[in-house]
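The next block holds one structure in the form of structure tokens; read it before the comments.
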Amino acid sequence: MKDVIVLGIESSCDETSVAIVKNGREVISNVINSQIKIHENYGGVVPEIASRCHIEVINQVTKEALKQANMTFADIDVVGCTYGPGLVGALLVGVSYAKALSFALNKPLVGVNHIEGHIAANYITFKDLKPPFLCLIISGGHTHLVHIKDYTDFEILGKTRDDAIGEAFDKVARVVGLGYPGGPKVDKLAKSGTPNIDLPRTYFDNLDFSFSGIKTAVLNLNHKNPNINKADLCASFEKAVTEVIVTNSMKAMKELNINKIALAGGVSANSYIRESFKNIKNAEVYYPEITLCTDNAAMIASATYYNYINGKTSDLTLNAVPNLKLGE
């Protein structure tokens, strides 16, 4: 079977990334231009600034990806891009660029769901990982527990009813004065703390999640007691949310009789969460290498490959869908 070389584009938020991946698993190049330093000044991502930054660098990032791969556009078989969910202006930059490449090069175009990309990051790190398995997608915008039935067949078992887990991490970071981006900073400070503060955990009779209660509890505790130990507060928060996602994951594994679970999304880089999942008895736990947890085009190229070989392509009417759901 002929190798399939995919050029993937990711621009859903504040990373402009272009990657070249062979057969969905082998990363030849993966260039990421991050805007974190720019948005740090504002305490979060400013959509209009993000869009402009994507426009400014996407051409250069693409050239660099080809250069690192020692390839030209003639070597590319398929062009893939994130078309949702994400910031509409940011998405439009990547989608428009991908459509232009597809048209100019006369190559097939594949629009990819960003969440699907996060799942596919595990295929790059673990060359032998194959469906079926469970996947917990934990990021700034999503908390999904998904049954991966096949490479392009997903069933959402549970999701957050309010805030995503990454959103809660960012809010806690802001409350205790750590700034943006919150996840890595909470993780770091929590290491020097003790989880000795009682915080609420929310469970439902299904596999859904809720993190607004714990977020509010942290905010109120910090407001009532400005001298509270911030490291202990971060450690207690981290422990509480981890218990919830581990409990729901174990429940799903038991219900479906599946012992394979993969983590995905930016929050899957959290060291305490990784360690907690590693300690689940009789479970095969997978998580991508750190550079593939946050937004990147290699994961989009991997997802593109599996859609392409399953006959799922897009035409030039492809548009950005900021609130795209998994499986749509």
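The values are calculated or read from the model by the stated rules, or taken from the named source; none is laboratory data. Since the model is a prediction, treat every value here as computed from it, not as a measurement. Cβ sites come from the backbone with ideal geometry, for glycine too, and all protein chains shown count toward neighbours.
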Check: Just for helices (runs of 4 or more DSSP H) wholly inside segment 181-269: which have at least 3 residues that are under 30 Å from residue 127 (Cα atoms)?
Finding: 182-190, 230-256
Item checked: Residue count for segment 298-320, restricted to those that are more than 20 Å from residue 86 (Cβ to Cβ) and free of Cβ contacts under 8 Å to residues at least 12 places away in the same chain -> 1
Notebook entry, point to check: Residues 56, 15, 40: which one is of a type in the set (D, E, K, R), assigned by TED's automatic domain parsing to the domain that holds residue 86 and buried (at least 20 other Cβ atoms within 10 Å of the Cβ)?
Noted result: 15
Notebook entry, point to check: If we keep just the residues of segment 223-253 that are in contact with a helix residue (DSSP H, G or I) (Cβ under 8 Å, 6 or more places away or on another chain) and either among the basic types (Lys, Arg) or not assigned by TED's automatic domain parsing to the domain that holds residue 179 (or both), which is farthest from residue 171 (Cα to Cα)?
Noted result: 239
Notebook entry, point to check: Right, residue 206: at pLDDT below 95 and surrounded by fewer than 19 Cβ atoms within 10 Å (Cβ to Cβ) or not?
Noted result: no
Next item on the list: Specify which of the listed residues (209, 154) is aromatic (Phe, Trp, Tyr), more than 23 Å from residue 24 (Cα to Cα) and assigned by TED's automatic domain parsing to the domain that holds residue 227.
Entry: 209
Next item on the list: With the condition kept exactly as written, say whether any residue in segment 283-297 is closer than 30 Å to residue 236 by Cβ and over 20 Å from the mean Cα position of the chain (by Cα).
Entry: yes
Margin query: So the check is Cβ under 6 Å with 6+ separation or different chains; which pairs have a first residue in segment 100-123 that's on the phi < 0 side of the Ramachandran plot and crowded, with 23+ Cβ neighbours inside 10 Å and a second one that's part of a helix (DSSP H, G or I) and aromatic (Phe, Trp, Tyr)?
Written below: 110/308
Item checked: Residue list for segment 204-222, filter: over 24 Å from residue 145 (Cα atoms) and touching a helix residue (DSSP H, G or I) at 6+ places or on another chain (Cβ under 8 Å) -> 218, 219, 221, 222
Check: Hey, among the residues in segment 280-305 that are farther than 22 Å from residue 140 by Cα and assigned by TED's automatic domain parsing to the domain that holds residue 20, which one's surrounded by the most Cβ atoms within 10 Å (Cβ to Cβ)?
Finding: 304
Next item on the list: Only residues in segment 1-25 that are among the basic types (Lys, Arg) count as the first member; pair them with residues that are surrounded by 21 or more Cβ atoms within 10 Å (Cβ to Cβ) and in a strand (DSSP E or B), Cβ under 9 angstrom, at least 6 apart or cross-chain, and list the lot.
Entry: 22/6
Margin query: If residue 312 satisfies all but one of (1) farther than 30 Å from residue 35 by Cα; (2) basic (Lys, Arg); (3) not in a loop (DSSP other than H, G, I, E, B), what's the number of the condition it fails?
Written below: (3)
Next item on the list: Quickly run through segment 130-162 and pick out the residues that are in contact with a Phe, Trp or Tyr (Cβ under 6 Å, 6 or more places away or on another chain) and aliphatic (A, V, I, L, M).
Entry: 146, 148
Next item on the list: Tally the residues that are more than 30 Å from residue 178 (Cα to Cα) and either without any contact (Cβ under 8 Å) to a residue 60 or more places away in the chain or in contact with a Gly (Cβ under 9 Å, 6 or more places away or on another chain) (or both), restricting the search to segment 27-54.
Entry: 2
Next item on the list: Could you please tell me which pairs satisfy a Cβ distance under 6 Å, a separation of 6+ or placement on different chains, a first residue in segment 200-219 that is on the phi < 0 side of the Ramachandran plot and in contact (Cβ under 8 Å) with a residue 60 or more places away in the chain, and a second residue that is part of a loop (DSSP other than H, G, I, E, B) and surrounded by 17 or more Cβ atoms within 10 Å (Cβ to Cβ)?
Entry: 211/163
Notebook entry, point to check: Restricting attention to segment 135-148, does a residue exist that is on the phi > 0 side of the Ramachandran plot and assigned to a loop (DSSP other than H, G, I, E, B)?
Noted result: no
Notebook entry, point to check: Do the conditions hold for residue 72, that is, is it of a type in the set (Ser, Thr, Tyr), surrounded by fewer than 16 Cβ atoms within 10 Å (Cβ to Cβ) and assigned by TED's automatic domain parsing to the domain that holds residue 10?
Noted result: yes
Notebook entry, point to check: So is residue 24 within 19 Å of residue 85 (Cβ to Cβ) and either small (Gly, Ala, Ser) or not assigned by TED's automatic domain parsing to the domain that holds residue 73 (or both) or not?
Noted result: no
